[in-house]
Amino acid sequence: MSDLMRQLSAAPRPLIMGILNVTPDSFSDGGRFFLADRLDVDRVVDAARRMVADGADILDIGGESTRPGAVPLGADEELDRVVPVIEAIVRHVDVPLSVDTSDPWVMTEAVRAGASLINDVRALARPGALAAAAAAVRDHDAAVCLMHMRGEPGTMADHAHYEDLVREVIDELRARIDLAIDAGIPRDKILIDPGFGFAKNTEQNLRLLDRLSEVNRLGFPVLVGLSRKRMIGEITGRSVSDRMAGSVALAVLAIDRGARVVRVHDVAATRDACRLFSAMMETRQG
(Lines give C-alpha, C1' and ligand atoms only; values in the text may rest on other atoms or scores of the structure.)
Protein backbone atom coordinates (compact mmCIF):
# COMPACT_ATOMS: atom_id res chain seq x y z
CA MET A 1 0.00 0.00 0.00
CA SER A 2 1.36 3.45 -0.87
CA ASP A 3 2.21 5.90 1.93
CA LEU A 4 -0.85 7.90 0.94
CA MET A 5 -3.19 4.93 1.23
CA ARG A 6 -1.66 3.92 4.58
CA GLN A 7 -2.11 7.48 5.79
CA LEU A 8 -5.70 7.56 4.56
CA SER A 9 -6.48 4.23 6.18
CA ALA A 10 -4.97 5.21 9.52
CA ALA A 11 -6.18 8.81 9.72
CA PRO A 12 -8.96 9.39 12.26
CA ARG A 13 -10.18 12.36 10.19
CA PRO A 14 -10.52 13.27 6.51
CA LEU A 15 -7.39 14.41 4.71
CA ILE A 16 -6.97 17.86 3.17
CA MET A 17 -5.59 18.03 -0.36
CA GLY A 18 -4.13 21.42 -1.23
CA ILE A 19 -4.47 22.55 -4.85
CA LEU A 20 -1.36 23.75 -6.71
CA ASN A 21 -2.30 24.56 -10.30
CA VAL A 22 0.82 25.35 -12.31
CA THR A 23 -1.25 26.61 -15.22
CA PRO A 24 -1.80 30.04 -16.77
CA ASP A 25 -5.53 29.46 -17.28
CA SER A 26 -7.15 27.55 -14.39
CA PHE A 27 -10.50 29.05 -13.40
CA SER A 28 -9.46 30.15 -9.90
CA ASP A 29 -5.70 30.48 -9.56
CA GLY A 30 -4.36 30.30 -13.08
CA GLY A 31 -1.19 32.27 -13.71
CA ARG A 32 -0.22 32.87 -10.09
CA PHE A 33 3.09 31.02 -10.52
CA PHE A 34 4.07 32.54 -13.86
CA LEU A 35 6.43 35.47 -14.38
CA ALA A 36 6.70 36.82 -17.93
CA ASP A 37 5.13 33.60 -19.25
CA ARG A 38 7.72 31.50 -17.39
CA LEU A 39 6.81 29.10 -14.59
CA ASP A 40 8.57 30.15 -11.37
CA VAL A 41 9.31 26.85 -9.62
CA ASP A 42 10.65 28.56 -6.49
CA ARG A 43 7.35 30.37 -6.09
CA VAL A 44 5.49 27.05 -6.33
CA VAL A 45 7.75 25.51 -3.68
CA ASP A 46 7.07 28.47 -1.36
CA ALA A 47 3.33 27.97 -1.85
CA ALA A 48 3.70 24.24 -1.16
CA ARG A 49 5.51 24.97 2.09
CA ARG A 50 2.77 27.39 3.17
CA MET A 51 0.05 24.87 2.41
CA VAL A 52 1.79 22.18 4.43
CA ALA A 53 2.29 24.63 7.31
CA ASP A 54 -1.43 25.44 7.08
CA GLY A 55 -2.30 21.76 7.42
CA ALA A 56 -2.35 20.17 3.96
CA ASP A 57 -1.96 16.39 4.11
CA ILE A 58 -1.56 16.01 0.33
CA LEU A 59 -0.62 18.43 -2.47
CA ASP A 60 -2.26 18.07 -5.89
CA ILE A 61 -0.12 19.35 -8.78
CA GLY A 62 -1.94 20.17 -12.01
CA GLY A 63 -0.38 21.33 -15.28
CA GLU A 64 -3.47 21.34 -17.51
CA SER A 65 -6.64 23.30 -16.84
CA THR A 66 -9.87 21.28 -16.77
CA ARG A 67 -12.20 24.24 -16.32
CA PRO A 68 -15.28 24.33 -18.58
CA GLY A 69 -14.19 25.19 -22.11
CA ALA A 70 -10.51 24.50 -21.42
CA VAL A 71 -8.31 23.71 -24.43
CA PRO A 72 -6.37 20.41 -24.14
CA LEU A 73 -2.64 20.74 -23.56
CA GLY A 74 0.10 18.78 -25.32
CA ALA A 75 1.93 16.21 -23.20
CA ASP A 76 5.32 17.88 -23.70
CA GLU A 77 4.12 21.19 -22.29
CA GLU A 78 2.29 19.51 -19.41
CA LEU A 79 5.43 17.56 -18.55
CA ASP A 80 7.52 20.73 -18.63
CA ARG A 81 5.19 22.21 -16.02
CA VAL A 82 4.59 19.38 -13.57
CA VAL A 83 7.79 17.30 -13.45
CA PRO A 84 10.21 20.10 -12.38
CA VAL A 85 7.66 21.22 -9.79
CA ILE A 86 7.25 17.71 -8.34
CA GLU A 87 11.02 17.18 -8.29
CA ALA A 88 11.48 20.48 -6.44
CA ILE A 89 8.65 20.00 -3.95
CA VAL A 90 9.71 16.49 -2.86
CA ARG A 91 13.06 17.98 -1.81
CA HIS A 92 11.41 20.49 0.53
CA VAL A 93 8.16 19.08 1.94
CA ASP A 94 7.28 15.72 3.44
CA VAL A 95 3.72 15.05 2.32
CA PRO A 96 2.40 12.82 -0.48
CA LEU A 97 2.08 14.48 -3.87
CA SER A 98 -0.70 13.92 -6.38
CA VAL A 99 -0.52 14.64 -10.10
CA ASP A 100 -3.74 15.91 -11.68
CA THR A 101 -3.44 14.52 -15.21
CA SER A 102 -5.09 12.31 -17.81
CA ASP A 103 -2.04 11.81 -20.00
CA PRO A 104 -0.30 8.42 -19.68
CA TRP A 105 3.16 9.83 -20.34
CA VAL A 106 2.69 12.54 -17.73
CA MET A 107 1.44 9.92 -15.25
CA THR A 108 4.55 7.83 -15.76
CA GLU A 109 7.05 10.66 -15.48
CA ALA A 110 5.29 12.37 -12.59
CA VAL A 111 5.29 9.19 -10.51
CA ARG A 112 8.96 8.63 -11.32
CA ALA A 113 9.60 12.19 -10.13
CA GLY A 114 7.93 11.51 -6.78
CA ALA A 115 4.12 11.70 -7.09
CA SER A 116 2.28 8.97 -5.20
CA LEU A 117 -1.26 9.55 -6.53
CA ILE A 118 -2.58 9.83 -10.09
CA ASN A 119 -5.70 12.02 -9.94
CA ASP A 120 -7.46 11.66 -13.29
CA VAL A 121 -10.64 13.58 -14.13
CA ARG A 122 -11.13 11.20 -17.08
CA ALA A 123 -10.86 8.08 -14.91
CA LEU A 124 -8.05 6.55 -17.02
CA ALA A 125 -10.13 6.72 -20.21
CA ARG A 126 -7.46 8.10 -22.55
CA PRO A 127 -5.63 5.52 -24.68
CA GLY A 128 -2.77 4.02 -22.69
CA ALA A 129 -3.82 5.55 -19.37
CA LEU A 130 -4.98 2.29 -17.77
CA ALA A 131 -1.71 0.57 -18.60
CA ALA A 132 0.37 3.55 -17.46
CA ALA A 133 -1.49 3.79 -14.15
CA ALA A 134 -1.26 0.06 -13.55
CA ALA A 135 2.51 0.20 -14.13
CA ALA A 136 2.82 3.16 -11.75
CA VAL A 137 0.94 1.25 -9.07
CA ARG A 138 3.01 -1.91 -9.63
CA ASP A 139 6.44 -0.31 -9.95
CA HIS A 140 6.17 2.73 -7.66
CA ASP A 141 3.43 1.82 -5.16
CA ALA A 142 1.27 4.67 -6.46
CA ALA A 143 -2.49 5.02 -6.04
CA VAL A 144 -5.15 6.31 -8.44
CA CYS A 145 -8.27 8.46 -8.12
CA LEU A 146 -11.01 7.87 -10.68
CA MET A 147 -13.36 10.80 -11.24
CA HIS A 148 -16.77 10.79 -12.84
CA MET A 149 -17.14 12.98 -15.91
CA ARG A 150 -18.99 12.77 -19.20
CA GLY A 151 -17.48 14.15 -22.39
CA GLU A 152 -14.49 16.49 -22.19
CA PRO A 153 -14.02 19.76 -20.26
CA GLY A 154 -14.91 21.66 -23.41
CA THR A 155 -18.14 19.71 -23.98
CA MET A 156 -19.16 18.31 -20.60
CA ALA A 157 -22.00 20.81 -20.09
CA ASP A 158 -23.75 19.18 -23.06
CA HIS A 159 -23.79 15.85 -21.20
CA ALA A 160 -25.47 16.96 -17.96
CA HIS A 161 -28.64 14.96 -18.66
CA TYR A 162 -29.59 12.17 -16.26
CA GLU A 163 -32.67 10.07 -15.64
CA ASP A 164 -31.39 9.11 -12.17
CA LEU A 165 -28.35 11.23 -11.34
CA VAL A 166 -26.92 9.39 -8.35
CA ARG A 167 -27.54 5.91 -9.71
CA GLU A 168 -25.94 6.80 -13.04
CA VAL A 169 -22.90 8.41 -11.43
CA ILE A 170 -22.43 5.32 -9.24
CA ASP A 171 -22.91 2.92 -12.16
CA GLU A 172 -20.47 4.83 -14.38
CA LEU A 173 -17.89 5.00 -11.60
CA ARG A 174 -18.32 1.28 -10.98
CA ALA A 175 -17.62 0.59 -14.66
CA ARG A 176 -14.36 2.55 -14.50
CA ILE A 177 -13.38 0.80 -11.27
CA ASP A 178 -13.95 -2.60 -12.88
CA LEU A 179 -11.74 -1.63 -15.83
CA ALA A 180 -9.00 -0.41 -13.48
CA ILE A 181 -9.08 -3.64 -11.49
CA ASP A 182 -9.06 -5.72 -14.70
CA ALA A 183 -5.96 -3.74 -15.77
CA GLY A 184 -4.15 -4.86 -12.62
CA ILE A 185 -4.80 -2.00 -10.19
CA PRO A 186 -5.64 -3.45 -6.75
CA ARG A 187 -8.80 -2.31 -5.01
CA ASP A 188 -6.81 -0.89 -2.10
CA LYS A 189 -5.02 1.53 -4.45
CA ILE A 190 -8.21 3.18 -5.73
CA LEU A 191 -10.03 6.34 -4.63
CA ILE A 192 -13.13 7.72 -6.33
CA ASP A 193 -14.42 11.23 -7.00
CA PRO A 194 -18.06 11.88 -8.01
CA GLY A 195 -16.93 14.85 -10.12
CA PHE A 196 -18.78 17.88 -8.78
CA GLY A 197 -19.12 20.43 -11.57
CA PHE A 198 -18.09 18.01 -14.30
CA ALA A 199 -21.13 17.38 -16.53
CA LYS A 200 -23.34 18.46 -13.62
CA ASN A 201 -25.19 21.72 -13.05
CA THR A 202 -25.73 23.41 -9.69
CA GLU A 203 -28.96 21.61 -8.84
CA GLN A 204 -27.38 18.27 -9.73
CA ASN A 205 -24.28 19.06 -7.66
CA LEU A 206 -26.45 19.78 -4.62
CA ARG A 207 -28.43 16.59 -5.08
CA LEU A 208 -25.26 14.55 -5.47
CA LEU A 209 -23.69 16.13 -2.40
CA ASP A 210 -26.80 15.45 -0.33
CA ARG A 211 -26.62 11.76 -1.29
CA LEU A 212 -22.84 11.39 -1.17
CA SER A 213 -23.17 8.59 1.39
CA GLU A 214 -24.59 6.44 -1.41
CA VAL A 215 -21.37 6.91 -3.40
CA ASN A 216 -19.50 5.77 -0.28
CA ARG A 217 -21.26 2.42 -0.50
CA LEU A 218 -19.09 1.51 -3.46
CA GLY A 219 -16.48 0.76 -0.80
CA PHE A 220 -13.68 3.12 -1.88
CA PRO A 221 -12.38 6.29 -0.21
CA VAL A 222 -14.24 9.27 -1.67
CA LEU A 223 -12.38 12.43 -2.71
CA VAL A 224 -14.39 15.57 -3.40
CA GLY A 225 -13.48 18.82 -5.13
CA LEU A 226 -15.96 21.60 -4.37
CA SER A 227 -13.59 24.47 -3.71
CA ARG A 228 -14.53 27.79 -5.39
CA LYS A 229 -16.76 25.97 -7.90
CA ARG A 230 -19.31 27.76 -10.07
CA MET A 231 -22.18 26.43 -7.96
CA ILE A 232 -20.99 28.59 -5.06
CA GLY A 233 -21.07 31.68 -7.25
CA GLU A 234 -24.51 30.84 -8.62
CA ILE A 235 -25.94 30.41 -5.12
CA THR A 236 -24.14 33.22 -3.28
CA GLY A 237 -23.34 35.68 -6.04
CA ARG A 238 -19.69 35.69 -4.96
CA SER A 239 -16.80 35.99 -7.41
CA VAL A 240 -14.23 33.19 -7.69
CA SER A 241 -11.79 34.99 -5.40
CA ASP A 242 -14.44 35.48 -2.70
CA ARG A 243 -15.75 31.94 -2.27
CA MET A 244 -13.75 30.71 0.71
CA ALA A 245 -16.70 30.62 3.11
CA GLY A 246 -18.86 28.73 0.64
CA SER A 247 -16.02 26.32 -0.14
CA VAL A 248 -15.42 25.55 3.52
CA ALA A 249 -19.14 25.02 4.13
CA LEU A 250 -19.37 22.54 1.26
CA ALA A 251 -16.24 20.72 2.45
CA VAL A 252 -17.80 20.19 5.88
CA LEU A 253 -21.07 19.01 4.32
CA ALA A 254 -19.10 16.52 2.22
CA ILE A 255 -17.17 15.26 5.25
CA ASP A 256 -20.43 14.84 7.15
CA ARG A 257 -21.59 12.57 4.31
CA GLY A 258 -18.45 10.45 4.32
CA ALA A 259 -15.81 12.18 2.16
CA ARG A 260 -12.31 11.01 3.14
CA VAL A 261 -10.35 13.62 1.14
CA VAL A 262 -11.33 17.22 0.41
CA ARG A 263 -9.48 19.00 -2.39
CA VAL A 264 -9.27 22.71 -1.54
CA HIS A 265 -7.62 26.04 -2.28
CA ASP A 266 -8.05 27.45 1.24
CA VAL A 267 -6.19 24.96 3.39
CA ALA A 268 -6.02 26.77 6.75
CA ALA A 269 -9.71 27.67 6.85
CA THR A 270 -10.69 24.15 5.83
CA ARG A 271 -8.43 22.64 8.49
CA ASP A 272 -10.05 24.80 11.19
CA ALA A 273 -13.51 23.74 10.06
CA CYS A 274 -12.48 20.07 9.99
CA ARG A 275 -11.10 20.32 13.53
CA LEU A 276 -14.33 21.84 14.79
CA PHE A 277 -16.40 19.21 13.03
CA SER A 278 -14.21 16.40 14.41
CA ALA A 279 -14.43 17.84 17.93
CA MET A 280 -18.21 17.95 17.71
CA MET A 281 -18.37 14.35 16.47
CA GLU A 282 -16.05 13.17 19.24
CA THR A 283 -18.27 14.89 21.81
CA ARG A 284 -21.35 13.26 20.32
CA GLN A 285 -19.75 9.81 20.39
CA GLY A 286 -18.21 10.23 23.84
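The values are calculated or read from the model by the stated rules, or taken from the named source; none is laboratory data. It should be emphasised that the depicted structure is a prediction, and the values quoted were computed from it without experimental measurement. We place every Cβ from the backbone using ideal geometry, glycine too, and count neighbours over all the protein chains shown. Note: accessible area is taken over every heavy atom of the protein model, side chains too, but ligands, DNA and RNA are not part of it. Shrake-Rupley method; radii C 1.70, N 1.55, O 1.52, S 1.80 Å.
A quarter of the convex hull surface defined by the alpha-carbon atoms of the range 138-262 gives 8.3 nm² as the mean projection.
Note on percent of Cα pairs over 34 Å apart: of the candidates [x] 12; [y] 15; [z] 28, the value calculated from this structure sits at [x].
Annotation: amide H-H contacts under 5 Å for residue 193 (H modelled 1.01 Å from N, sequence separation of 5 or more, or interchain): 146, 147, 148, 223. Result for the chain in a Gaussian network model with C-alpha springs under 10 Å: among 88, 56, 254, the largest mean-square fluctuation is at 88. The GluC sites (Glu not before Pro) found in the range 105-171 that occupy coil by DSSP, while having at most 10 further C-beta atoms within 10 Å, are 163. Summarising the strand pairing of the chain, around 5 percent of its internal DSSP beta bridges are antiparallel. If you take the Cα centroid of the range 206-221 and the Cα centroid of the range 124-156, the two points sit 21 Å apart. Considering only the other residues whose Cβ falls under 11 Å of the Cβ of residue 51, what net charge follows from Lys and Arg at +1 and Asp and Glu at -1? Overall, the nearby charge balance is -2.
Rolled with a 1.4 Å probe across the full set of protein chains, the surface gives residue 54 an accessible area near 70 Å². For the chain, the longest stretch holding no trypsin sites (Lys or Arg not before Pro) located in a DSSP loop with at most 13 other Cβ atoms within 10 Å is which? My reading of the result: 92-216 is the longest stretch. Computed from phi, the 3J(HN,Hα) profile of the range 131-137 under the Karplus parametrisation 6.51, -1.76, 1.60 (θ = phi - 60°) reads 5, 5, 5, 4, 5, 5, 5 Hz, with x in place of Gly and Pro.
Comparing 136, 11, 123 in a Gaussian network model of the chain where C-alpha atoms under 10 Å apart are linked, the largest mean-square fluctuation is found at 11.
Gap in Å between the Cα centre of the range 249-285 and the Cα centre of the range 158-205? Each part reduced to its Cα centre gives a spacing of 23 Å.
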